[in-house]
Structures are given as structure tokens and as C-alpha cells.
Amino acid sequence: MVKYGIRGTIRQAGEKMFRLANRGRIEYLEAQGIPGLASATHAFCTRRTGVSRGGFASLNVGELVGDTEENVKENLELVEREFAIPPNGLAMCRQVHGDRIIEIGKDEPLPLPMPEGDGLVTARPGIALGIKTADCVPLLFFDRRLRVAGAVHAGWRGTALGIAAKMIDILLRRFASQREDIIVLIGPAIASCCYEVDAPVYEAFAGRTKTERFFRKCRGKERWMFDISLANRVQLREAGIPANNIMAAAMCTACRRELFYSHRAAQGKDEGRQLSIIMINGTMQ
């Protein structure tokens, strides 16, 4: 159950909260009231307060969507400055709608340019993991006991490939995390009210359990309304993450164009990408 409280705040069951906040010039969405999350900086940035113009207005971080390289660079520098990200400390993979997750080790330099992938994970303080979206689901992970952070970009292909569950598996096997210590934040994404999909998308999930929870058949045609955020939540629950450890912002990017970019709502026109970040607080080694 989702309850809407004061302006800019979304209240969920268990009194977990997402709120609109500001860090200098940057307006972003954050979760609050979650034990252990204070040792990491996290943000689901809105599209506001950058330098891009036109359909990209204004905090566009997508470099391959038609905006100028100078604008994207200035927008990223603004995010780095306002969130106190160390020099060369923002890591972003080249997203390809797959399920590859890249680990950034504690003692190795960042690979530049970053390789292709749709997820990042690290136990290294001072590295901000960044994910770009414009309808797809941004997921931020944090092991509050061992201080390990992860970020995932989940479109329908990545969701069908199980990228969220793959991140949980990496945290368990590679970092010896315990499921009860893992917090997962599901950021703004296109919701089932606006996300109509065809048979190839539906069939990509064939044979999965509980698909009736996140697909709703459209009357009279072979199309479905797809709740991609719920599909990722179900995947996380099936991976053993406690329900109270999963928080979703419950904001539709296509409905809230004043706050977020939406590829679907733009209908092929110029559209930017918003940035979601998570960084373990402390000094980069």
C-alpha cells in the first residue's frame, strides 16, 4: 500500500519514505528513515537544474541521445560537485540492456572507458556508481553491515534476464552478504498505467511464476500493461530479500514529465536521461 503525504513525500508501508530533496542546485529523490543507509550517499536525480536545453532540459546525462557533449559534461560535473564525489570517482558503464554486472575492486583503478554492462558493484568508499534511465528501472543496493554498494539498470530485457537477482547472487557469493542486511531502493520508472507492451515482451517472461501480478491483458488485443518495477520487486523477493528491505519510489516517469525524462512519453522526440547514484561514504583508496 502506498500513501501520499505532504508535497514531495511518498509514504510506504512500514513508514519508509521517499522525499524530494536538494543538494545545492541538484533536486533529487531520496529514501529516509532506513537503518544503516546513512553510511552511503544515494540519489535518484530529477531532470531539473542542469544546463541542457530543448527536449533535453535540463539535467541530461545521456551522451548518445543528441545533446551536446559540452552540456552532458557540465551536468555531470555539477552532480559530482554537489554530491562531493571525488575526482574521477563517478563510475558509469555503457548500458546495453543486458545482465552483465561489473565489479570495481578496492585496489584497482577504474577501467576507462568503462566497459559494457548494466550493473556496477563495489566495496570501495568514495566511488559513486551511476545508472542512467528514462523509463527503465534504476535499482540501488546497499549491504548496511559490510558496506557494499550496487547499482543496476533494468529495462524489460534486463528484468527478463534476472539482473536484479544476479546482483543479489553476487553480493551473497562474492562479498558474503546476508540477505537481511541488503537494502534495495527501486527508483522512478515507467508504471503499468503507461507501459503497454507486445507479445515478445510478454513471452520473454513465459514460464515465470507470478507473472499475473505484473502483466495485465489489454482488452481485445495481444498487448499487456506491464508493471516493470513490480516485476523487479517479485524477482528480489524470490531471491530471498525481505519485503521490508525493498523500497520503491512509486513514481511514473511517463506521468511526471516535469520531474523525469521518459522515452515512451517523448514518442521518439529528443529526450534525455536522468542519473541515479550510490556511493559508500569515506575516502577513496
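Can Thr68 be described as among the polar types (S, T, N, Q) and within 17 Å of the chain's Cα centre (by Cα)?
Working: among the polar types (S, T, N, Q): yes; within 17 Å of the chain's Cα centre (by Cα): no.
Answer is no for this residue.
Just to be sure, is Glu238 surrounded by fewer than 20 Cβ atoms within 10 Å (Cβ to Cβ), under 21 Å from Met167 (Cβ atoms) and not basic (Lys, Arg)? Answer is yes for this residue. Give the number of residues within the range 253-267 that are under 19 Å from Ala43 (Cα atoms) and aliphatic (A, V, I, L, M). Summing the residues that are under 19 Å from Ala43 (Cα atoms) and aliphatic (A, V, I, L, M) in the range 253-267 gives 1.
Kindly provide the set of residues from the range 198-232 that are hydrophobic (A, V, I, L, M, F, W, C) and farther than 15 Å from Trp156 by Cα, ordered by number.
Filtering the range 198-232 for residues hydrophobic (A, V, I, L, M, F, W, C) gives 199, 201, 204-206, 214-215, 218, 224-226, 228, 230-231.
Scanning the range 198-232 gives a single hit, Cys218.
For (1) within 14 Å of the chain's Cα centre (by Cα); (2) crowded, with 16+ Cβ neighbours inside 10 Å; (3) over 16 Å from Gly62 (Cβ atoms), each residue gets a yes or a no:
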{"position": "Lys221", "(1), (2), (3)": "no, no, yes"}
{"position": "Met225", "(1), (2), (3)": "no, yes, yes"}
{"position": "Leu230", "(1), (2), (3)": "yes, yes, yes"}
{"position": "Ala243", "(1), (2), (3)": "no, no, yes"}
{"position": "Met247", "(1), (2), (3)": "yes, yes, yes"}
{"position": "Cys252", "(1), (2), (3)": "yes, yes, yes"}
{"position": "Gln274", "(1), (2), (3)": "yes, yes, no"}
{"position": "Asn281", "(1), (2), (3)": "no, no, yes"}
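Just to be sure before I move on: is Val79 under 22 Å from Asp169 (Cβ atoms) and crowded, with 22+ Cβ neighbours inside 10 Å in the structure I sent?
Numbers: under 22 Å from Asp169 (Cβ atoms): no; crowded, with 22+ Cβ neighbours inside 10 Å: yes.
So Val79 does not fit the description; no.
The combined condition, being in contact with a Gly (Cβ under 7 Å, 6 or more places away or on another chain), of a type in the set (Asp, Glu) and crowded, with 16+ Cβ neighbours inside 10 Å, is fulfilled by Asp99.
Applying the condition of being in a helix (DSSP H, G or I) and hydrophobic (A, V, I, L, M, F, W, C) to the range 46-76 and asking which residue is farthest from Lys269 (Cα to Cα) yields Leu76. With respect to the stated conditions, Asp169 fails to be modelled with pLDDT under 95, acidic (Asp, Glu), surrounded by fewer than 16 Cβ atoms within 10 Å (Cβ to Cβ) and out of contact with any Lys or Arg (no Cβ under 6 Å at 6 or more places or on another chain).
Please count how many residues of the range 78-117 are small (Gly, Ala, Ser) and assigned to a helix (DSSP H, G or I).
Looking only at the range 78-117, we keep the residues that are small (Gly, Ala, Ser), and these are 84, 89, 91, 98, 105, 117.
So of that shortlist, the ones also assigned to a helix (DSSP H, G or I) come out as none.
Result for the range 78-117: 0.
Pro113 passes every criterion in (1) crowded, with 20+ Cβ neighbours inside 10 Å; (2) modelled with pLDDT under 95 apart from (1).
The values are calculated or read from the model by the stated rules, or taken from the named source; none is laboratory data. None of the values given here were measured: they were computed from a predicted structure. With ideal geometry, Cβ positions are generated from the backbone for all residues, glycine too; neighbour counts draw on all protein chains shown.
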